[in-house]
Each structure stands twice: as C-alpha cells, then as structure tokens.
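The values are calculated or read from the model by the stated rules, or taken from the named source; none is laboratory data. A quick note: this is a predicted structure, and the numbers were derived from the prediction, not measured. For neighbour counting, all protein chains shown are included, and Cβ atoms are generated from backbone atoms with ideal geometry for every residue, glycine included. Side chains are part of the model used for accessible areas, which takes the heavy atoms of the whole protein and leaves out ligands, DNA and RNA. Shrake-Rupley method; radii C 1.70, N 1.55, O 1.52, S 1.80 Å.
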Amino acid sequence: MRLNVIAEGTLTSPLGFVAGAAACGLKESGNLDIGILISERNCTAAGVFTQNQIVAAPVIVDRQLLNDNPEGIRGVVANAGMANACTGQRGMAAAKQMQAKAAALLAVQPQQLFVLSTGVIGVQLPMESVEQGLEVAGASMASDRGIAMARAIMTTDTRPKHLAVRLNTPAGSITIGGVAKGSGMIHPNMATLLGVITTDAGIPPDALQELLRRAVDKSFNSISIDGDTSTNDTVLLLANGASGIALQETEQLEHFSEGLEYLCTELAKMIVSDGEGVKKFVSIRVSGASTSDQAKAVAQTIATSPLVKTALAGSDPNWGRILAAAGRAGIPFNQNQTNLWISNPGKQPLALVAGGSRTDYREREAVKIFSRSEIDIGLEIAPSGAEATVWTGDLTHDYITINADYRT
C-alpha cells in the first residue's frame, strides 16, 4: 500500500463531503463556533465515545443514533463554546433541536445527523443564536470548508488540527480525511477531544466499527496531557463509498486500517503538541511487558505523573521519578532488569539506567536532551516482551493559568 499525505487535507478531501461553519456568539472571542459536515449520499458510520459516567446530551443522542441507523448517516452538526453537558432535559431537547434545524436546512432527516458539542459544562445553549448560526453555516457549504469546521470546534486549542491521506490499495485509490480538537483534559478513555473522520471508501458498519476502535486505541487512547477525561469525548468515522470502491475482504480492510491508524495517530500527536501550556512533546515507550496493555499501563502512569511532567518542564533529567512512577503502575516487574534511556528524535540515545542502577552518564548530556522541545523516553522492564508507546507533554505554569480562569 502507498500512502500519500494531502497538503492542507481535511475531512472534505474524500469525495462527496462538504462542510460549512459560522460564528453565532457561543465563543466570547467571536470566532467560528458552529459547523456542519454533510455527505452527498448515505454513509456507514462508527463511533467511539467517552467512558466517563457523566456524559453530555450529544453523546447520549449519538450513541442511540449509531445503534439505530449505522448505515444511513449523512453528516455531523457541531458547536464549541458550550458543552451541553449536565443540562438535563432542556439540554437533550437542545441537541435534538440542533439535529432538526440542520436537517431541515440540508434536506435530510434528523436521525441522519450526529451532534457534537464542546466547551463549558453546565451552560444551556442559546438556541436562537445556534439556529441563526446553523443557517449561515448551511449557506456556506463547500468542499474547501473543512479547515473552517476544524476551527469551529476549537476551544482552548491554538490551531486547527486536520489531515487527509490518499491510499493506493489493490482495489484502487481511496481517501481518508479528518479533523480533531483537544488541548486540555486529555487522557484515555478517551479525552476531551472531538474527532470526525471521513472516507470515500465503502465499508460495512461492523467492520468500520472494529477498524475505528483499533485505530483509537493506538492513537487517541495513547495520549495524555493532564490525566483528565471529560463528558463529551467522541470520535466518529463516516464512509460514503463515493469512490466506487467497496472494501470487504480482510486484506483490503487491513490496507485501510494502516491508513486510518496513521491519520488518527498524527491527529493525536497534534493534540499533544497543542496541549494547554505544553512546551515539550514527549514520547514514552515501555517494552518487556507480558502484554501490550500492561506496557501501556506503565507508560500512562509515567505520562501522568506530576513529578515527571514538572521535571520535563524544568529540563531536569530526574530519572528516579520515571522509575518510581513505573513502579506504582500495578504491573509486576523486576527492578534489577530495568533499563532506561532518553534521546531526541534522530539522535543517539543516552542510557541513564542499566540493570536497575545509574550508568556513568554525564549529567550535562542528560540536561541537554531534556532541554529540547521533543524528547523520547525508553523504559525496558524485561529483556523481551510486549511494548506500547504513549505521547504526552510537560506540565508548565501556563497550564495552571489557562485552567484557573477558564470560565471567567
């Protein structure tokens, strides 16, 4: 399979999708805050949602919609600025009103549109403003408006996150595109993120759901900014078959899976790089575990340790914090078999620990590595076994500043 990244690609890069966006006053900044995506034909759909017990009205609506109509979806309507979470029956009515208004504008049925919201919890949507915004967004629908929709779902994000790839499969050329938002409250399962992914391949709903679940586990569920999850987290995948290429055989679906996992991983990395207050992008790879899930548990414990994250912020290669975090992950291993090294991408790794003890490295070399904006950390807990990688960032004072006055 050949994979080509499309310059400025987004969720409207696949055939048959258009988007629109508008500002209706949900964000105090006056920036774009409402968006619509529509397919020219019915899509099969898949979705992965927050595991938080407190869920927003759109999550409830979308879970039911996916269960009832996985082969008749036409698009997505989304807003940012207000999460429509913890808003009771009024919030449920607002989510369904968004569906109905967008459906009327686009000449589709309400049960063909997913609803996404993100922003402040506990605030009721001003539906008159939302409906006016939907009218403007609906009038702006075009194939080059995907980036506008990416901007419309941003909250504390500083830049839009979008990507598209073209796959040359044995069955022919297909495209996968997507947008995502996320900056804070990022941690599996899933995170404060919204993601909408599209493809012009035709894929059965059961296969599509499994492909998305696998891709999310390796990408959006392998990142952490601050160890928090939220109420609205959703990743949707729509396949409209507009390319005329239907993927059903195992080999065909595996080709698609490679492209989907690449796209999701790149979008997930964009979220980490744009994390609230993040100055350093950190890759943590743990190897030697009995299973990849165990390796991931150790990596996530390191990634969410405040002591590790503040050491990263201060360019302090305090490896004791890394090992201490690994040791409390609940995964058994022999400390005398641990090896730890650090590096910058493309550079020779520096071994800090071998056989559970400090090596004779020079401190200034370790400080130099920790001072860079991209850092790789490798921890081996046994000579052989499964591995996993988690992406995270440092924890700076800017994170506190952003979140201390998020509402005020």
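A compact table of results
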item	result
The range 8-92: GluC sites (Glu not before Pro) in DSSP loop, at most 10 other beta carbons within 10 Å	Glu28
Ordering of 257-264, 105-112 by burial proxy (mean other Cβ atoms within 10 Å per residue, highest first)	257-264, 105-112
Per residue solvent-accessible surface (Å²) - the chain, probe of 1.4 Å	40 Å²
Fully extended contour minus Cα-Cα distance, from Asn4 to Asn318, at 0.36 nm per residue	109.0 nm
Calculated log₁₀ intensity ratio I(q)/I(0) where the Debye formula runs over C-alpha points of the range 75-212, q = 0.13, 0.22 Å⁻¹	-0.65, -1.52
Helix 205-218 axis, angle to the chain major axis (alpha carbon atoms, nearest 10°)	30 degrees
Angstrom value of the Kirkwood radius, inverse mean 1/r, which spans all Cα pairs in the chain	21.8 Å
Karplus-derived 3J(HN,Hα), 6.51/-1.76/1.60, for each residue of the range 131-144, Hz, glycine and proline x	5, 5, x, 5, 4, 5, 4, x, 7, 9, 4, 7, 6, 9
Carbon and sulfur %, accessible surface of the chain computed with the full protein complex present, 1.4 Å	47 percent
Equivalent ellipsoid semi-axes - Cα gyration tensor, the range 297-408, angstrom	25, 18, 12
Ile54 - accessible surface, heavy atoms, 1.4 Å probe, Å² rounded to 10	90 Å²
Ile223 long-range amide H proximity, modeled H, under 5 Å	Trp391
CD proxy at 222 nm, helix term only [per DSSP H run n ≥ 4: -39500 (n - 2.57); per residue of the chain; nearest 500]	-10000 deg cm²/dmol
Where only alpha carbons of the range 1-140 are counted, the Rg and the Dmax (Å)	15.1, 49
